[in-house]
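The values are calculated or read from the model by the stated rules, or taken from the named source; none is laboratory data. Quick caveat, the model's predicted, so the values are computed rather than measured. Note that we place each Cβ from the backbone using ideal geometry, even for glycine, and neighbour counts take in every protein chain shown. Only protein heavy atoms, including side chains, enter the accessible area calculation; ligands, DNA and RNA are left aside. Shrake-Rupley method; radii C 1.70, N 1.55, O 1.52, S 1.80 Å.
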Amino acid sequence: MDSNITSLLLFIMILVWQLIMWKKVELQKWQDYSLSAIMIGLSGWLVYLTFI
């Protein structure tokens, strides 16, 4: 996965997160933790690809 695909996925995840916040959807605890872990993983991978 190159940086363009990673940044596109991160952008889509942030849009989904904003939609969840705007609609005030209550997520279960495991869904919230999973979404957070995916976003942190994508952010870390993007930083890794940036400094390679």
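Which residues, taken from region 11-52, are without any contact (Cβ under 8 Å) to a residue 12 or more places away in the chain, hydroxyl-bearing (Ser, Thr, Tyr) and open to solvent by 70 Å² or more (accessible area, probe 1.4 Å)?
TYR33, TYR48 - these are the residues of region 11-52 that are without any contact (Cβ under 8 Å) to a residue 12 or more places away in the chain, hydroxyl-bearing (Ser, Thr, Tyr) and open to solvent by 70 Å² or more (accessible area, probe 1.4 Å).
Given the options ILE20, ILE52, name the one that is in a helix (DSSP H, G or I) and of a type in the set (Val, Ile, Thr).
Within the list ILE20, ILE52, the selection yields ILE20.
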